[in-house]
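K.L.:
Dumping the structure here so I can ask a few things about it.
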């Protein structure tokens with residue numbers, strides 16, 4: 001898809017439509033079956049990561065305010081679920097909340113609070129916020145595996161952090177600027193690395209540690225990452241105004 005705003009984070013709705021946030025235009029849009037685009041929400045102060053729940057409720061990270069919003073099914077306007085502890089600033093690596101993730105094992109939202117370097121677990125109603133780990137330079141995207149282990153992209157620390165349900169948080173280094181993470185259907189971790197010299201979609205085997213670059217040409221600034229039910233990988237490039245689809249071989 002090309003030429004429909006500046007796509008950032010990606011998610012699928014319950015009908016299988018691809019949704020994308022547009023930080024610069026303050027919108028969230030849907031890609032329809034015929035390829036057209038419908039704007040679902042506008043006026044958001046820097047929309048970033050999204051989670052769509054089983055009932056169609058959408059949870060949205062609003063970066064400029066460092067808030068988590070909720071759009072109920074059929075609602076025209078979102079409500080504020082939670083204002084996060086961090087305060088965004090123009091200092092390096094201190095932008096507000098970016099990507100968020102859903103933990104199906106606990107029915108909660110994983111929220112990296114980017115300005116503070118903390119990662120929280122938030123209840124779906126926003127009332128409970130539990131600190132999981134601290135000290136990450138800039139936690140952004142988050143993904144959770146079937147066992148409840150959380151993986152967080154660290155954009156300013158060149159790493160992905162592994163947060164198990166019990167035990168010690170560990171760092172997986174050797175990246176440039178990881179911006180988003182997701183799992184494919186084989187249990188591999190996919191990582192978007194937006195550092196200029198890398199600009200790649202990387203697959204990491206969590207079993208063997210092997211890393212493969214799946215795509216590295218044609219990106220201007222790769223951002224969002226999502227995998228559909230057929231193991232097709234979608235990557236957004238907000239500066240190129242495109243969403244690319246990579247099909248399994």
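Computed from the coordinates by the stated procedures, all read-outs in this text should not be read as laboratory data. Keep in mind the model is a prediction, meaning the values are calculated, not measured. Positions of Cβ are generated from backbone atoms using ideal geometry, with glycine treated the same way; all protein chains shown enter the neighbour counts.
K.L.:
When a/c reaches 1.5 or more, the comparison of a/b and b/c decides; with that in mind, is the stretch 10-246 rounded, prolate or oblate per its Cα gyration tensor? Can you show the working numbers first?
P.N.:
Working: a/c = 1.31, a/b = 1.08, b/c = 1.21.
Note, shape of the stretch 10-246 comes out rounded.
K.L.:
Along Cα→Cβ, 7 Å out, is where each label goes; now give me the distance between the ones at residue 127 and residue 239 in nm to one decimal.
P.N.:
4.5 nm
K.L.:
Going 7 Å from the Cα of residue 36 toward and past its Cβ, which residues in the stretch 1-30 have a backbone nitrogen under 14 Å from where you end up?
P.N.:
Inside the label zone: 30.
K.L.:
Same structure, new question: Distance between Cα centroids, the stretch 183-244 to the stretch 46-71: provide it in whole Å.
P.N.:
So the separation of the two Cα centres works out to 22 Å.
K.L.:
Using 0.36 nm times the number of residues separating residue 217 and residue 230, minus their current alpha carbon distance, what extension gain do you get? Present the calculation step by step, with values, prior to reporting the outcome.
P.N.:
Details: separation 13, 0.36 × 13 = 4.68 nm, distance 2.34 nm.
Roughly 2.3 nm would be gained on extension.
K.L.:
Which shape class, rounded, prolate or oblate, goes with the stretch 1-67 when its Cα gyration tensor gives a ≥ b ≥ c as root eigenvalues, a/c under 1.5 marks rounded, and past that a/b bigger than b/c marks prolate?
P.N.:
Numbers: a/c = 2.24, a/b = 1.18, b/c = 1.90.
Since a/c reaches 1.5 but b/c is at least a/b, the shape of the stretch 1-67 is classed as oblate.
K.L.:
Could you tell me the center-to-center distance, by alpha carbons, between the stretch 138-155 and the stretch 2-36 in angstrom?
P.N.:
The two parts, judged by their Cα centres, are 22 Å apart.
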